[in-house]
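Trainee: If you scroll down you'll find the structure; I have some questions about it.
The values are calculated or read from the model by the stated rules, or taken from the named source; none is laboratory data. Remember, predicted model here, so these are calculated numbers, not experimental data. Ideal geometry is used to build each Cβ from the backbone, glycine not excepted, and the neighbour counts take in all protein chains shown. Ligands, DNA and RNA are excluded from the accessible area calculation, which covers all protein heavy atoms including side chains. Shrake-Rupley method; radii C 1.70, N 1.55, O 1.52, S 1.80 Å.
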Amino acid sequence: MSMDRIKQWATTLRTEWPFRLRLRAWPVAISLLFLLCMASGLGVVVTTHMTRVQFAQLQQLEQEENQLQTEWGQLLLEEGAWSTPARIEQIATERLGMRIPDVHDVEVIRP
């Protein structure tokens, strides 16, 4: 190659190079919008999945709460049954040998 021919090629390359690589605006915009739509759709799918998982957990916790409330009510009833005055008097009499004092054994102290 001659020197003139190389200079001509370099000049042509300088003037044509940016124009050959220039991207048109519409294909770039459409591609960008497509990618944004895909990302948005993926976001919707992920959010929907997370919502369903959390709703399932919420229902499980509500069921557990109902079971615990039922158990708490049963325990309150049992506590009431164990702490009746008649039962306490029976245990005091049988196990501890306690008795109700006679009228003659009671002394009234006045302030």
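Trainee: Just to be sure I understand, how many residues within the stretch 69-87 are open to solvent by less than 100 Å² (accessible area, probe 1.4 Å) and farther than 30 Å from ILE100 by Cβ?
Mentor: So the answer is 4.
Trainee: Next up: Between residues in the stretch 84-111 that are small (Gly, Ala, Ser) and part of a loop (DSSP other than H, G, I, E, B) and residues that are modelled with pLDDT of 90 or more and exposed (fewer than 10 other Cβ atoms within 10 Å of the Cβ), which pairs lie under 6 Å by C-beta distance while being six or more apart or on different chains?
Mentor: Note: no pairs meet the criteria.
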